[in-house]
Structure formats: structure tokens, C-alpha cells
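The values are calculated or read from the model by the stated rules, or taken from the named source; none is laboratory data. It should be emphasised that the depicted structure is a prediction, and the values quoted were computed from it without experimental measurement. We place every Cβ from the backbone using ideal geometry, glycine too, and count neighbours over all the protein chains shown. With ligands, DNA and RNA removed, areas are computed over all heavy atoms of the protein, side chains included. Shrake-Rupley method; radii C 1.70, N 1.55, O 1.52, S 1.80 Å.
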Amino acid sequence: MTRRRSRRGAICIAILALLSLLATAGIGNPALAQPISVDGDLSDWDMITPHGLANDPCNELFSLCKSGFDFTRVLVYYDQPTDTLFFGIDPMDVVDAGCQGAPGPGVPGDADGDDNPCSDGNVAECPINEDQECVGVDEQYLLKIDTNFDGDFTDSVDVRVVYRGNMLRFELGDGTPFAWSGDIRLGMAG
């Protein structure tokens with residue numbers, strides 16, 4: 001896939017200590033020539049083959065507004081030598097074909113399209129009541145992992161990665177907190 005590189009909004013989450021879980025999920029092991037940097041810049045993902053890649057259309061939240069909660073790609077990669085699971089979320093960029101809104105990328109945590117995730121800009125094209133402080137208590141990024149492949153994400157063996165209220169947490173599918181370690185970086189590449 002060839003993409004025009006511009007300033008990109010990006011979120012990258014690294015989750016550590018998942019080898020036994022991923023081994024049962026059947027995720028493979030291609031070697032990384034260069035590890036993924038958890039820095040909010042997804043350009044290093046261009047050098048690997050993700051274990052999962054989902055493309056998503058832009059402007060699903062608001063037809064004329066860019067949003068840091070409207071993303072165009074979700075990427076997954078497991079690096080077996082370091083026992084690390086990586087997720088990358090690529091917010092929409094108005095330069096992408098068919099995306100509408102103010103010029104530039106969606107900024108992680110910016111719900112109202114004013115390029116500031118931590119203040120309410122009241123942009124007319126983005127009809128939200130309030131843009132909360134960064135990623136507020138009523139805003140979230142949620143990744144669900146169906147570890148037993150039954151099509152349901154609520155089993156006690158399934159996993160949720162939640163970034164909400166400016167905090168990263170891990171839960172089992174039934175909502176029980178789980179003590180994994182992880183790191184998150186919100187960033188703008190370019």
C-alpha cells in the first residue's frame with residue numbers, strides 16, 4: 001500500500017508479557033529487522049508485516065469533521081523475541097482520499113476537530129457537546145481481543161485494552177481488571 005506521508009496522528013500501545021496468551025491464540029513469529037518504537041509515529045510499521053491490519057473508512061463519526069477518534073487503520077504485531085504485542089491506531093487524515101474536515105490529521109484525543117485534544121474548540125462541523133480534557137472520562141480507545149475465536153469479546157479469557165480518562169488499563173473480557181504492564185504514546189508524526 002502506497003500512502004502519501006504527511007503529519008500523521010498516531011497512537012501506539014505496547015503490551016508486555018503476553019507470550020502464553022498469544023501462543024494459545026496462534027499468532028506467528030516473523031523476525032523484526034528493526035523493533036517498533038512506541039513513540040506515536042507509525043512509520044516503522046511500514047518496515048514489517050503486521051499480524052493484523054484493518055482498514056476503516058474516515059468520517060464515520062461526523063461527515064464534515066476530522067476527529068482523533070475516527071481512525072483509518074488498526075495494526076497488530078507480536079514480536080516473539082521480546083514477548084511484546086504492539087497495536088497501532090492511525091487516526092484519519094484529511095489528505096486521505098475522501099476524508100472531509102479541516103486540513104491535516106486527526107489528533108489523538110481531539111473529538112471536535114480543532115487540533116487541540118485538551119480543550120473544547122466548538123468547531124461547528126463537529127456537533128459534540130464538549131471535547132474533554134485530552135482523552136476524558138467519557139472518551140476512550142478500546143481494543144478487544146477474542147482469544148478463543150468464538151466471536152464474542154465478553155468471555156473471561158478475552159482481553160480488553162482501554163485508554164480512558166488519560167489512563168491505560170487492561171481488563172479481561174468480563175470487565176475484571178488484569179495486571180499486565182504496558183506503555184502508550186500519543187503522537188504526531190512528520
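Look at VAL161 and say whether it is open to solvent by 80 Å² or more (accessible area, probe 1.4 Å), touching a strand residue (DSSP E or B) at 6+ places or on another chain (Cβ under 8 Å) and of a type in the set (Val, Ile, Thr). So VAL161 fails the test.
Identification of strands (runs of 3 or more DSSP E) wholly contained in the stretch 93-190 with 3 or more residues that are modelled with pLDDT of 85 or more yields 140-145, 159-164, 167-172. Checked against (1) assigned to a loop (DSSP other than H, G, I, E, B); (2) surrounded by 15 or more Cβ atoms within 10 Å (Cβ to Cβ), PHE86 passes all but condition (1). Close contacts from the stretch 48-59, counting a first residue that is in a loop (DSSP other than H, G, I, E, B) and a second that is of a type in the set (Phe, Trp, Tyr), with Cβ to Cβ under 9 Å and a gap of 6+ residues or different chains, come to ILE48/TYR77; THR49/TYR77; PRO50/TYR77; PRO50/PHE86; HIS51/TYR77; HIS51/TYR78; ASP56/PHE71; CYS58/PHE71. Screening the stretch 39-55 for residues that are charged (D, E, K, R) and open to solvent by less than 50 Å² (accessible area, probe 1.4 Å) and picking the one that is modelled with the highest pLDDT gives ASP44. In the stretch 161-172, the residues that are under 9 Å from GLN140 (Cα atoms) and touching a residue at least 40 places away in the same chain (Cβ under 8 Å) form Cβ pairs under 8 Å with partners that are open to solvent by less than 70 Å² (accessible area, probe 1.4 Å) and not hydrophobic (A, V, I, L, M, F, W, C), at six or more places apart or across chains, as follows: TYR163/TYR141.
Against the condition under 27 Å from LEU53 (Cβ atoms), among the small types (Gly, Ala, Ser) and either without any contact (Cβ under 8 Å) to a residue 12 or more places away in the chain or surrounded by 15 or more Cβ atoms within 10 Å (Cβ to Cβ) (or both), how does GLY136 come out, does it pass? Working first, answer last.
On the way: under 27 Å from LEU53 (Cβ atoms): no; among the small types (Gly, Ala, Ser): yes; either without any contact (Cβ under 8 Å) to a residue 12 or more places away in the chain or surrounded by 15 or more Cβ atoms within 10 Å (Cβ to Cβ) (or both): yes.
Spelling it out, it is not the case that GLY136 is under 27 Å from LEU53 (Cβ atoms), among the small types (Gly, Ala, Ser) and either without any contact (Cβ under 8 Å) to a residue 12 or more places away in the chain or surrounded by 15 or more Cβ atoms within 10 Å (Cβ to Cβ) (or both).
Taking the criterion of being in contact with a strand residue (DSSP E or B) (Cβ under 9 Å, 6 or more places away or on another chain) and either among the small types (Gly, Ala, Ser) or without any contact (Cβ under 8 Å) to a residue 60 or more places away in the chain (or both), the residues of the stretch 76-91 that qualify are VAL76, TYR77, ASP79, THR82, GLY88.
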